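Remarks on the structure that follows.
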Amino acid sequence: MNEASLLLLTIFLPLAGALAMWQVGRFGQGAARCFALVITVATCALAFVVVAGFPGGSDAYAVTNLSWVGGEAGSALDIRLNIGLDGLGVWMFGLSSLLMVTSVLVSWEAIRDRAGLFYGMLLLLEFGCLGVFAARDIMLFYVFFEFTLIPLFFLIGIWGSEDRRYAAMKFFVYTLAGSVLTFLGLIAIVLWDYYHAGNGVLRFSIPELVASLQIHPITPISWQLAIFIALFAGFAIKVPLFPVHTWLPLAHVQAPTAGSVILAGILLKIGTYGFVRFSIPLLPDAAVIAMPWILWLAVLGIVYGALVALAQTDIKRLIAYSSVSHLGFCMLGLFAFNPLGLQGGTLQMVNHGLSTGGLFAVVGMLYERYHTREIRELGGLAKRVPWLAFFMLVFTFSSIGLPGLNGFVGEVMVLIGMFQRAWTATPDAFQTSLRVVSVLAVTGVVLGAWYMLWLVQRVFFGPLKEPHHHGKAHDHEEPVPDMCWREFFALAPLAVFIVWIGLQPDVFLSRSEPTLSKVEATVAKSLTSSTASVENIDVGRSESSPFRQQAKVTRVPEPREASFQPTEEQLSRVR
Amino acid sequence: MYVDLETIKLLWPELILVLLASWIYIGGTVQQSRLWWTLFSLAGYVVAGYAVFSGEARLWYGAEAGNAYVGSGPLSVDYLGHIVRLFAVGVGFLFALVASAAARRELASELLATLMLLVAGLMLVARANDLVFLFVSLELVSIPTYVLLYIGRSDRATSEAAVKYFFLSILSSGMLLYGMTMLYGIAGTTTISGAGESIRAAMLSGDSLVSLAPIALILILAGLGFKITAVPFHFYAPDVYQGATNANAGLLAVAPKIAGVIALIRLVVVAMPSVSEYAWQLTIVLALLTMTLGNVCALWQQNIRRMMAYSSIAHAGYMLIGISVALAASGSYGGVSATLFYLIVYAFGSLGTFAALVSLSSEQREISSLEELAGLGKTRPLAAAAIAVCMFSLAGIPPLAGFWGKLTLFSSSIRLALDPANGSLAFWFILLAIGGAVNAAIAAAYYLRVVSTMYFQSSKVEIKACRRNTASLAMGFAALVVIAVGALPRSIISETERAEAVSAQPRLAIQPSASVEAVAALGDTKNARQLPTLQD
């Protein structure tokens, strides 16, 4: 079996599992959860085989390209089932398959009501997540992107906490409102390419579009900006960036544990992934113009998320706000537009998935034991549940960036990237502004350590404090048990990867670096032209000539090319 | 207008349906079995469907297949008509299943026969190439609808709904007729395809009668606006749907819309391309108003039929996007095919929902309020799943059929806007696409409310499980179509793309610079081949 069919099988196995769950679910909770575990573990194993075979530097690994919507030749909508991995999607693909196993294991006892439907939805969600990161067709991506909303809507709405109906609706409508605009933006990109660069063919393949729009960038710049804003609407809500994050804490708090793990671990990353996959390489000029704004939003998110997290009394809500803060870091790295930042941001996507996915899982386990998530009702639990406390500490340290764990690598790369952008290669107009952003971002690290360690200290250390009444009908006479093997296997793989990435980041970075350096190259060109002369951008460019040669440079830029490239020294310092 | 044997031969699927309907009317007085007449009429639809398919197989499939044979007689033999006829037969088949479950035993035969006449009317609308023929066909859709509304249930609400629908429908027919007479006055011919060319010629020669064309256009838009429930001619819909039975509301949501949209394509896109400049501006405004008003009002509804009425208003707005695109520019941007695809997708989504409501209702109790659906996910999982699928499709969430409908509509609109040849139109059509997108998000809110009521609330009222319900067959079939078209949209999209040829009429271009080409294009009869005789 070659890698292409293996990848296809990995993606469609969960769908087949979900369909089979319709029948398996009738045999009750036990059958449903065992079947779901078998399917997710098999998918995870397959995904690891595919990911392990991924050669560094490949832009098109395990590609399957089948005709789908178009059918006959000459059909207008030649949307294809175009699936494959590159350095950007590969780690998120692996992470998705891993977190799904965790999700099944943390739901093992918690989900009793309509278990068949629950695991069916979970498998559908896995299908959507795997598809998003492997899609190489712009519309196929959107289909998977939107499809993930349906299963999560059910997961939150049926198995969530008290306010679940409202949370599910808000989550869905909020996300959809942004993503329909993204939809228009994606269509506009395809059609612009059709009229100006495609030879009378509608092209939907992402690599082809990237290549073509590099030669014929979208002009005038106002169009490019409009399309950028359309894409931004969907992706920013998904990330979520600062002013449009309000759906997230609500959805997180109301969702069942598995829902939170997947939402934080995978679904939020679709937003940042969308920026790197579409906004930056397809619309580089607009991305450069938007850069300072987005960096400000990101840093506001970092600081705001951290400050609000400090004030929370509910553990889950605290971690939800920490997500807002951490994804600000991802965005900061990605929009620093240099190799270090882009790589750090991409790595941080995986890191956040591991650590926050793990944190939500731990919180879920605590909730199963104590039926509360209130910080003040708990204390000194490390005595009662030492193993759980151990994993909590690992995830916390990962989250705050303790050296030796993965969070450190990502955070440092992001910050160095950002400082590099602010001090060495900035358009003069934004220099001060970007320097303020960089400095503010560092305070986010400090605040992050503060709220996370404070949380751990209050809940796990100090005098033992357990709620007497557990809210529900029953009362635990004997002390709550520590982790069982099931819970151990839910968390241990995450911890292994946290340590592995922390000790050997090169294994992961080197494989995604070639793809990311191409992304960086697309935007670097726009960046040089904008540092040269911002006002020249919207001087009308003719469609045929590549605009770099056409723009009249009024002020010769200093050769700043060198500073965009990471020196070996810088990289090795990070590794 | 002349009728000869050739014409009759082209119409024999419709004749079969009318003859069978008459047979059911007569036979129904003797034999009152619901099962018997249901099977009979289902068989009738199958035969009619086969007749549509095989009768013109030589024209559409195989080596000599083409797309746009324009007949010179009262019939337009084109691919648009062909697929709408097939679609109408399919819709008839499903509604026969629904009607059979909803009808009282002693009225079953009348209901099924009337439905069959209505389907024949829909098929004739799809075929009409003559103003009189089109008008009569539209009446053959309307009159059975009045009857169906009356015999659906006999209480005050239903009677009120039927009377309301009757009077407003008559009014709209009057307006349509008035518009048609003006059209005839300008063109001097009742042939639709001929009218397009005569109006163009009249415009080029500076005939003063042409100044009536905008009035004709407005009257026709008003008349057909009633049928497709476009704002501001929509206001009857919520009351009528609410008063009607679920089965009839479903029929109202689908049948007049098919007839209205096809008539709109024939009368405005084909017959009046020369006045398209007024037309697209009007339809854009109508589209934006219709979508927004429909969706916003639907948000507050508690009665499910009323909600679906507003939803059907909103979807009419979406279809007008495609019509506007087809009107605005002479190039082929896929406006007609997008409208047609959307119509089909919408019809199955709506039909599935109403069929599910019928299958959940019993003769004693008709499901009306949204609250009655609470807990359906547990008590009736299949029906709940079918409704959920239809709701997500109507909301346009991938990978269901409705998503591809939105994709084709939005992309046709943006395609027109981005084409460098239509610089001045770009703004309006971008606005239209954005309006459509924003509306998709608003619409999701109330469709999701239905899903969340079914799945996230526990049931308050026990819904009795009724066995042997043919409506659940229709429901299941519609839901499967929605899923299948979502997974493999190619099957329908490629069909509707072939029907696009109907809009490729030469017209006066809007840009003055391009008018030379437009005049030159007048002689272009590439698409209008002579109708081959059907001898074997």
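The values are calculated or read from the model by the stated rules, or taken from the named source; none is laboratory data. No experiment lies behind these values; they were computed from the predicted model shown. Positions of Cβ are generated from backbone atoms using ideal geometry, with glycine treated the same way; all protein chains shown enter the neighbour counts. Ligands, DNA and RNA are stripped out before the accessible areas are found, and what is left, the full protein with its side chains, is counted by its heavy atoms. Shrake-Rupley method; radii C 1.70, N 1.55, O 1.52, S 1.80 Å.
Filter region B:220-232 down to the residues that are of a type outside the set (Gly, Ala, Ser), in a loop (DSSP other than H, G, I, E, B) and touching a Ser or Thr at 6+ places or on another chain (Cβ under 7 Å) and list them by number.
Going residue by residue through region B:220-232, those that are of a type outside the set (Gly, Ala, Ser) are B:220-221, B:224, B:226-229, B:231-232.
Pick out the ones that are also in a loop (DSSP other than H, G, I, E, B) and you get B:229, B:231-232.
Answer for region B:220-232, where residues must be of a type outside the set (Gly, Ala, Ser), in a loop (DSSP other than H, G, I, E, B) and touching a Ser or Thr at 6+ places or on another chain (Cβ under 7 Å): B:Thr229, B:Val231.
Taking A:Ala110 and the conditions (1) more than 10 Å from chain B (Cβ to nearest Cβ); (2) more than 20 Å from A:Gly358 (Cα to Cα); (3) surrounded by fewer than 23 Cβ atoms within 10 Å (Cβ to Cβ), which numbered condition does it fall short on, given that it satisfies the others?
(2)
Quick one: count up the residues across region B:433-462 that are open to solvent by less than 40 Å² (accessible area, probe 1.4 Å) and outside any helix (DSSP H, G or I). Before you say what the answer is, go through the steps one by one.
Looking only at region B:433-462, we keep the residues that are open to solvent by less than 40 Å² (accessible area, probe 1.4 Å), and these are B:433, B:435-437, B:439-441, B:443-448, B:450-456.
Those still in the list that are outside any helix (DSSP H, G or I) too: none.
Matching residues across region B:433-462 total 0.
What residue, among those in region A:145-178 that are open to solvent by 10 Å² or more (accessible area, probe 1.4 Å) and more than 7 Å from chain B (Cβ to nearest Cβ), is nearest to B:Leu488 (Cα to Cα)?
Looking at residues that are open to solvent by 10 Å² or more (accessible area, probe 1.4 Å) and more than 7 Å from chain B (Cβ to nearest Cβ), I get A:Tyr174.
Name the residue that is most open to solvent (accessible area, probe 1.4 Å), counting only residues in region B:83-112 that are among the small types (Gly, Ala, Ser) and under 21 Å from the mean Cα position of the chain (by Cα). Give the steps one after another, and end with the answer.
The initial filter retains those residues of region B:83-112 that are among the small types (Gly, Ala, Ser), namely B:88, B:90, B:92, B:96, B:99-103, B:108-109.
Now drop any that are not under 21 Å from the mean Cα position of the chain (by Cα), which leaves B:88, B:90, B:92, B:96, B:99.
Details: B:Ala88: 0, B:Gly90: 30, B:Gly92: 1, B:Ala96: 0, B:Ala99: 10 Å².
Restricting to residues being among the small types (Gly, Ala, Ser) and under 21 Å from the mean Cα position of the chain (by Cα), the top hit is B:Gly90.
Condition first: at the interface with chain B (Cβ under 9 Å from one of its Cβ atoms), over 27 Å from A:Asp59 (Cα atoms) and of a type outside the set (Phe, Trp, Tyr). Can you find one or more residues in region A:179-198 that meet it?
Yes, the conditions are met somewhere in region A:179-198.
Take the residues in region B:373-432 that are of a type in the set (Ser, Thr, Tyr) and more than 7 Å from chain A (Cβ to nearest Cβ), then tell me which one is most open to solvent (accessible area, probe 1.4 Å).
Kept after step one, since they are of a type in the set (Ser, Thr, Tyr), are these residues of region B:373-432: B:379, B:393, B:408, B:411-413, B:424.
The next check asks that each one be more than 7 Å from chain A (Cβ to nearest Cβ); those that pass are B:379, B:393, B:408, B:412-413, B:424.
Numbers: B:Thr379: 58, B:Ser393: 3, B:Thr408: 18, B:Ser412: 2, B:Ser413: 0, B:Ser424: 84 Å².
Top of the filtered list is B:Ser424.
Would you check if A:Phe390 is out of contact with any Cys (no Cβ under 7 Å at 6 or more places or on another chain), at pLDDT 90 or above, buried (at least 21 other Cβ atoms within 10 Å of the Cβ) and aromatic (Phe, Trp, Tyr)?
Working: out of contact with any Cys (no Cβ under 7 Å at 6 or more places or on another chain): yes; at pLDDT 90 or above: yes; buried (at least 21 other Cβ atoms within 10 Å of the Cβ): no; aromatic (Phe, Trp, Tyr): yes.
Considered against the rule, which asks whether it is out of contact with any Cys (no Cβ under 7 Å at 6 or more places or on another chain), at pLDDT 90 or above, buried (at least 21 other Cβ atoms within 10 Å of the Cβ) and aromatic (Phe, Trp, Tyr), A:Phe390 comes out as no.
Among the residues of region A:393-411, count how many are assigned to a helix (DSSP H, G or I) and either open to solvent by 40 Å² or more (accessible area, probe 1.4 Å) or touching an Asp or Glu at 6+ places or on another chain (Cβ under 9 Å) (or both). Working first, answer last.
Of region A:393-411, the ones assigned to a helix (DSSP H, G or I) are A:393-400, A:406-411.
Narrowing further to those that are either open to solvent by 40 Å² or more (accessible area, probe 1.4 Å) or touching an Asp or Glu at 6+ places or on another chain (Cβ under 9 Å) (or both): A:393, A:397, A:400, A:408.
Residues flagged as assigned to a helix (DSSP H, G or I) and either open to solvent by 40 Å² or more (accessible area, probe 1.4 Å) or touching an Asp or Glu at 6+ places or on another chain (Cβ under 9 Å) (or both) within region A:393-411 amount to 4.
Which of the residues spanning region A:204-217 are open to solvent by less than 50 Å² (accessible area, probe 1.4 Å) and not hydrophobic (A, V, I, L, M, F, W, C)?
Hits for region A:204-217 are A:Ser205, A:Ser212, A:His216, A:Pro217.
Which of the numbered conditions does B:Ser369 fail, given that it passes all the others? Conditions: (1) surrounded by 21 or more Cβ atoms within 10 Å (Cβ to Cβ); (2) in contact (Cβ under 8 Å) with a residue 40 or more places away in the chain.
Exception for B:Ser369: condition (1).
Cβ-Cβ below 7 Å, separation at least six or inter-chain, first residue in region B:221-239 and touching a residue at least 24 places away in the same chain (Cβ under 8 Å) and farther than 19 Å from B:Ile321 by Cβ, second open to solvent by 10 Å² or more (accessible area, probe 1.4 Å) and basic (Lys, Arg): which pairs?
B:Tyr236/B:Lys164; B:Pro238/B:Arg306; B:Asp239/B:Lys164
Of all residues in region A:235-259, count the ones that are small (Gly, Ala, Ser) and either farther than 21 Å from A:Tyr304 by Cα or surrounded by fewer than 24 Cβ atoms within 10 Å (Cβ to Cβ) (or both). Lay out the reasoning, then the answer.
Step one: of region A:235-259, the residues small (Gly, Ala, Ser) are A:236, A:251, A:255, A:258-259.
Next, only the ones that are either farther than 21 Å from A:Tyr304 by Cα or surrounded by fewer than 24 Cβ atoms within 10 Å (Cβ to Cβ) (or both) stay: A:255, A:258-259.
The number of residues fulfilling the criteria is 3.
Count, please, the residues in region A:88-147 that happen to be touching a helix residue (DSSP H, G or I) at 6+ places or on another chain (Cβ under 6 Å), within 14 Å of A:Ile206 (Cβ to Cβ) and among the charged types (D, E, K, R).
Number satisfying all stated conditions: 1.
Among B:Leu171, B:Leu209, B:Leu148, which is the only one that is open to solvent by less than 10 Å² (accessible area, probe 1.4 Å) and either part of a helix (DSSP H, G or I) or under 25 Å from B:Gly317 (Cβ atoms) (or both)?
Unique residue meeting the criteria: B:Leu148.
Considering (1) among the small types (Gly, Ala, Ser); (2) in contact with a Pro (Cβ under 8 Å, 6 or more places away or on another chain); (3) at pLDDT below 85, say which one B:Gly121 fails and leave the rest.
The failed condition is (3).
Any residue in region A:302-315 that is within 15 Å of A:Ser399 (Cβ to Cβ) sitting within a Cβ distance under 7 Å of a residue that is open to solvent by 30 Å² or more (accessible area, probe 1.4 Å) and of a type in the set (A, V, I, L, M, F, W, C)? List the pairs, counting only those 6 or more apart or interchain.
From region A:302-315, the pairs are A:Leu310/A:Trp450.
Within the group B:Leu217, B:Leu282, B:Leu267, which residue is within 16 Å of the chain's Cα centre (by Cα) and part of a helix (DSSP H, G or I)? Break it down stepwise before answering.
Working: B:Leu217 fails: within 16 Å of the chain's Cα centre (by Cα); B:Leu282 fails: within 16 Å of the chain's Cα centre (by Cα).
Exactly one residue qualifies, and that residue is B:Leu267.
Given A:Val446, A:Val437, A:Val456, which one is out of contact with any Asp or Glu (no Cβ under 7 Å at 6 or more places or on another chain), of a type in the set (Val, Ile, Thr) and open to solvent by 70 Å² or more (accessible area, probe 1.4 Å)? So that I can check it myself, show each step before the final result.
Details: A:Val437 fails: open to solvent by 70 Å² or more (accessible area, probe 1.4 Å); A:Val456 fails: open to solvent by 70 Å² or more (accessible area, probe 1.4 Å).
Exactly one residue qualifies, and that residue is A:Val446.
Hey, does region B:278-289 have a residue that's closer than 21 Å to B:Val254 by Cβ and surrounded by 24 or more Cβ atoms within 10 Å (Cβ to Cβ)?
First, the residues of region B:278-289 that are closer than 21 Å to B:Val254 by Cβ: B:286-287.
Next, from what is left, pick out any that are surrounded by 24 or more Cβ atoms within 10 Å (Cβ to Cβ): B:287.
Within region B:278-289 (the criterion being closer than 21 Å to B:Val254 by Cβ and surrounded by 24 or more Cβ atoms within 10 Å (Cβ to Cβ)), the answer is yes, since at least one residue qualifies.
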